1. Sort 173-179, 216-222 by the packing proxy (mean of other Cβ within 10 Å over each peptide's residues), most packed first.
2. With the full set of protein chains in place, find how many percent of the accessible area of the chain is carbon and sulfur; take the probe as 1.4 Å.
3. What is the distance in Å between the Cα centres of the stretch 56-127 and the stretch 172-247?
4. With the other protein chains left in place, how much accessible area per residue, in square angstrom, belongs to the stretch 149-247 at a 1.4 angstrom probe?
5. Sequence gap at least 6, Cα distance under 8 Å: using those rules, report the relative contact order of the stretch 5-234 to the nearest whole percent.
6. When ligands, DNA and RNA are left out and all protein chains stay put, how many square angstrom of accessible area per residue does the stretch 92-142 have with a 1.4 Å probe?
Amino acid sequence: MIAADLRVFADAGALAAAAAREVAHVLVAATREHGSASMALSGGRTPRDLYQCLALDHRHDTPWGRVHVYWGDERNVPHDDDRSNYRMARESLLDHVPVRAEHVYPMPTVLGEPGRAAAAYERTLRSQFDAEWPRFDIVLLGIGDDGHTASLFPGSAALTEARRWVVATTAPVEPRGRLTLTLPALTHATAMFVLVAGRSKADALRRALGDRPDPRCPASLLHAARAPVVWWADAEAAAHLGSRSSR
Ligand code: 6PG
């Protein structure tokens, strides 16, 4: 099993509270270091608890006015669609903290053609990060039961994309149209947190932390990251990992 910073918690609530504390710490440190902080959000259900903890417990100890908010992936649906990652983050976090509107960069799903939306978002990112790859201060990710992360699915050509920062992909489940940051765009971050909760993720997490990176489990490819990846799991998701560190 790959040596990984794995933190196991009794339940999803304890995981969310602990991860939120650490996210707030990263944002404070980044702001002190270079005047602002950049965070790429994950979608799906798991991070909602973390976002709510950030809104409830870290509204006042985090410099939200200097935090820039991006997305690691998005479903290609309108922003008011209940499947939108933007809508989920707005409802659970962004409407409850004093982040500045001009510092929130949703993926432009209003464009009909996903390829154009991906290229537009890449232009947005390149306007904010003057480097070969974006260097987010923190990237939040989840993993699916099939081992996908962001919207990088098993067998996707996007897994080997080595030039573009953002691409359109097709998910095996609805909504199939997706936009996603590519692996190099994700893994040049300063910190990466992968949030994994629930028994349905136990096999995917075991595979993600397996002996070697495997494109059949895209989350396992995150080990190529420049920065350390912290895996935040509840006991159910960690059920197949044997005796590992726990909090
Ligand atoms: C998305 C996410 C995706 C998510 C996993 C896990 O758009 O759905 O970005 O990568 O992290 O699918 O989703 P859950 O947290 O809902 O299990």
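The values are calculated or read from the model by the stated rules, or taken from the named source; none is laboratory data. Everything numeric here is computed off the predicted structure, so don't read it as measured data. Positions of Cβ are generated from backbone atoms using ideal geometry, with glycine treated the same way; all protein chains shown enter the neighbour counts. Note: areas computed on protein heavy atoms with side chains; ligands, DNA, RNA excluded. Shrake-Rupley method; radii C 1.70, N 1.55, O 1.52, S 1.80 Å.
1. In decreasing order of mean packing, 173-179, 216-222 become 216-222, 173-179.
2. Result for the chain: 48 percent of the exposed heavy-atom area is carbon or sulfur.
3. Taking the Cα centre of the stretch 172-247 as reference, the centre of the stretch 56-127 is 22 Å away.
4. Values: 4110 Å² over 99 residues.
So the stretch 149-247 comes to 41 Å² accessible per residue, rounded to a whole number.
5. Relative contact order for the stretch 5-234 comes out at 23 percent.
6. In whole numbers, the stretch 92-142 has 46 Å² accessible per residue.
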